[in-house]
Amino acid sequence: MTEGPALAVFGHPDDAEISVGGTLAKWAASEREVHLLILTNGDRGSSDAARDRAELAATRAAESEAAGRILGLSSVRILGVHDGELENDVGTRAEVVRAIR
């Protein structure tokens, strides 16, 4: 029997794939609806300080979407929060609640 939908919420691009990618893929392969919400856009996720942050965020988004397809996820959504600026505030909590609903 297939379980209900699942939502994985992670702070940064790559976090889900590294920590629970196998589990997410297994759930998706069992025809479970699996969604991923990434809270930050990955715009500081490089050792190259001169790299354009907008370009890096776009690259990280493309990588996350590709990983979601490979894992068989139903959706991948990335919030626009810059790396290092994520706060436990009303706006962030509202986005997570919106994704849950």
>> Restricting to the stretch 59-85, name every residue that is surrounded by 13 or more Cβ atoms within 10 Å (Cβ to Cβ), among the aliphatic types (A, V, I, L, M) and modelled with pLDDT of 95 or more.
In response: Ala61, Ala67, Leu71, Leu73, Val76, Ile78
>> Report every pair of residues separated by at least 6 positions or lying on different chains whose Cβ atoms are under 9 Å apart, first residue within the stretch 63-74 and free of Cβ contacts under 8 Å to residues at least 60 places away in the same chain and at positive phi, second surrounded by 14 or more Cβ atoms within 10 Å (Cβ to Cβ) and in a helix (DSSP H, G or I).
In response: Gly72/Leu24; Gly72/Ala25; Gly72/Trp27; Gly72/Ala28
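The values are calculated or read from the model by the stated rules, or taken from the named source; none is laboratory data. Treat the numbers as computed from the prediction; the structure is a model and nothing was measured. Here the Cβ is made from the backbone with ideal geometry for all residues, glycine too, and neighbour counts use every protein chain on show.
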